[in-house]
Amino acid sequence: MIEAELKAMVHDPEGVLQRLEALSEGRPEVYQDTYYDNPSGSLGRGDQELRVRTVHGQENTRSVLTYKGPRVDAASASKTEHETVVDDPDAVHAMLRGLGYLPTIRFEKRCRNYDFESAGRRMLATLVRVPELDGTFLEVETLADAGDLAAALKDVRAVVQQLGITDADLTTELYTDAVAERRRAAPQA
């Protein structure tokens, strides 16, 4: 499946939060993400991602292993995605390292997630704060197959606009890239 997604910088977090709360009850979660690549860096150069994510929610903690293929839509940065729940994230980290993958970056995302239906699709909207980055971000996504991607992105865009986000606010920059750049620019102690 393809994760049909749009991401934006939010200039009015309180207004977007109020609009989201009118759609669905939000759930706060903290994501701890570790991204892996092989020693040659070919996953990153090939626009692919291999990630272990542990999600800490109010009622439980869960972990998932995710592989994202190269972008299938340059304008939105939507990618194919394969994900599975893992019972023992420490074992998965050990397996990936044992297979020769190296952790390339780790960071935290503080999220408030909203599940709802729009245009007959299950949607997930997430307000995101990454402590190392300035500002608040919004991600809106749904799953689609290749033949349905354009229609799915149109439906996602309608939700984004309903939440008060303009096309000028959209971004395809990856959190991994932004966090890595921020760390490179930080003064060394």
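Read-outs throughout are calculated quantities, based only on the coordinates presented, and are distinct from any laboratory measurement. Note that the coordinates shown come from a computational prediction; the quantities given were computed from them, not determined experimentally. With ideal geometry, Cβ positions are generated from the backbone for all residues, glycine too; neighbour counts draw on all protein chains shown.
Couple of notes before you dig in:
- Residues of segment 59-94 with amide N under 17 Å of a point placed 7 Å along Cα→Cβ from Ser42: 68-70
- Spin-label model distance (nm) - Gln58 vs Leu124, 7 Å beyond Cα toward Cβ: 1.9
- Contact order, relative form, for segment 11-60: 39 percent (alpha carbon pairs under 8 Å, 6 or more residues apart, mean separation divided by residue count).
- Ellipticity estimate at 222 nm from DSSP helix runs (n ≥ 4, -39,500 (n - 2.57)) divided over the chain, nearest 500: -8000 deg cm²/dmol
- Multiplying the residue separation of Asp90 and His11 by 0.36 nm and removing their Cα-Cα distance gives an extension gain of 24.7 nm.
- At R0 = 25 Å, FRET efficiency that the Cβ-Cβ distance of Leu102 and Asp145 yields, to 0.05: 0.15
- Degrees between helix 89-98 axis and first principal axis of the chain (Cα, 0 to 90, nearest 10): 50
- With the simple model of a label 7 Å out from the Cα in the direction of the Cβ, Glu21 to Glu173 spans 2.9 nm.
- Distance from the C-alpha centroid of segment 142-169 to that of segment 1-16: 10 Å, rounded to the whole angstrom.
- Normalised Debye scattering of segment 1-100 at q = 0.19 Å⁻¹ gives log10 I(q)/I(0) of -1.12, counting only Cα atoms as equal scatterers and leaving out solvent.
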